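First up is the structure itself, then whatever we jot down about it.
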Amino acid sequence: MRQRQIFLIPAMILAVALSGCTDDDGKEEPQGESSATVCGAFAERPDVASALQEVTGTDSFTDNRSKPGETLQSLRSADGKIEGEEILGSPYCRLQSTDDGKEVLAINFREAVAVNKSDADDEQIFTFYKTGESAYASEHTAALYFRCRMSTPAKEILIHADLERFRKVEASDIRLSRANILVLNAAAREVASELGCSSPELVSEAPRPVSGLHA
């Protein structure tokens, strides 16, 4: 009996030591996704993935607050009226950084009833780009309008996409503006593809600046 106890004691010590290798709260560190794979891989093209990394300052994300399926359904159900919280849009892609859990970027979609096009006041703040019906961006935000002719259901709607980023990064305002619109245009192209939009007029390359602050 005494000999058996001698062997049990080291085994117990080893078990305690191994259990101490986990986090104090017993939870595993969250596994992040990269720019190229996050939110259904809308940013899988190398230039878009690089832009997403630039505007967020990271390449490791969690996106569990994103609701792409709900976003697509809300657009299919659009009825030409914008009421209540619909003005905020549906959260197609909400990204948090895995290093601190803080939100770094949000992309929303909703139906729109009119297109916001460039004017003298807006062009002092934003750069306007050639894609869709209208597109513009600053170092913090981006917005894009495009028309979607769907076959299922059979109707045409005007879609408004917007992007907002939340983390301070080391990049010039002009680089951030162009990266923001590149990311948003890629997300819009993915949504247009999922909805089966006919001729949304969204460019396949980086949108070209045409007027405004950094054109």
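How tilted is helix 173-195 with respect to the longest principal axis of the chain? Cα atoms for both, answer in degrees (0 to 90, nearest 10). Roughly 90 degrees, rounded to the nearest 10.
Taking each residue as 0.36 nm, the span from Gln73 to Leu88 lengthens on full extension beyond its C-alpha to C-alpha distance by 3.8 nm. The range 30-61 and the range 114-183 have Cα centres lying 19 Å from one another.
For the range 138-215, applying the loop criterion from DSSP together with a ceiling of 16 other beta carbons within 10 Å to the GluC sites (Glu not before Pro) yields Glu170, Glu201, Glu205. Solvent-accessible surface of the chain, averaged per residue with a 1.4 angstrom probe and all protein chains in place: 56 square angstrom.
On a 0 to 90° scale, report how tilted helix 46-56 is relative to the longest principal axis of the chain, with both axes built from alpha carbons and the result rounded to the nearest 10. That helix lies at roughly 80 degrees to the long axis.
Per residue of the chain, the DSSP helices (runs of n ≥ 4 H) give a summed -39500 (n - 2.57) that works out to -9500 deg cm²/dmol at 222 nm.
Below 8 Å, C-alpha to C-alpha, sequence gap of six or more: please give me the relative contact order for the chain in percent. Walk me through the numbers on the way to the answer.
Working: 414 pairs, mean separation 43.6, N = 215.
For the chain, the relative contact order is 20 percent.
Given Cα pairs under 8 Å that are at least 6 residues apart, what percent is the relative contact order of the range 114-159?
Reported relative contact order: 26 percent.
Judged by the ratio a/c of the largest to the smallest principal axis of the C-alpha gyration tensor, the range 59-212 counts as oblate, that ratio being 1.5 or greater while a/b is no larger than b/c. Each other residue within a Cβ distance under 11 Å of Gln73 adds +1 if Lys or Arg and -1 if Asp or Glu, for a net charge of 0.
Which loop GluC sites (Glu not before Pro) in the range 43-88, with loop taken from DSSP, have no more than 12 other Cβ atoms within 10 angstrom of their Cβ?
Glu83
The trypsin sites (Lys or Arg not before Pro) of the range 39-145 meeting both criteria, a DSSP state outside H, G, I, E and B (loop) and at most 12 other C-beta atoms within 10 angstrom of the site's C-beta, are Arg65, Lys81, Lys102, Lys117.
Short-range pairs are left out: with C-alpha atoms under 8 Å and at least six residues apart, the relative contact order of the range 49-159 is 20 percent.
Of all accessible surface on the chain at a 1.4 Å probe, what whole percent is carbon and sulfur? Mind dumping the intermediate values first?
Details: 6010 of 12040 Å².
The C+S portion of the solvent-accessible surface of the chain is 50 percent.
The values are calculated or read from the model by the stated rules, or taken from the named source; none is laboratory data. In this text the structure is predicted, and so the values were computed from the model without any measurement. All Cβ positions, glycine included, derive from the backbone under ideal geometry; neighbour counts span all protein chains shown. SASA here: full protein model, heavy atoms, side chains in, ligands and nucleic acids out. Shrake-Rupley method; radii C 1.70, N 1.55, O 1.52, S 1.80 Å.
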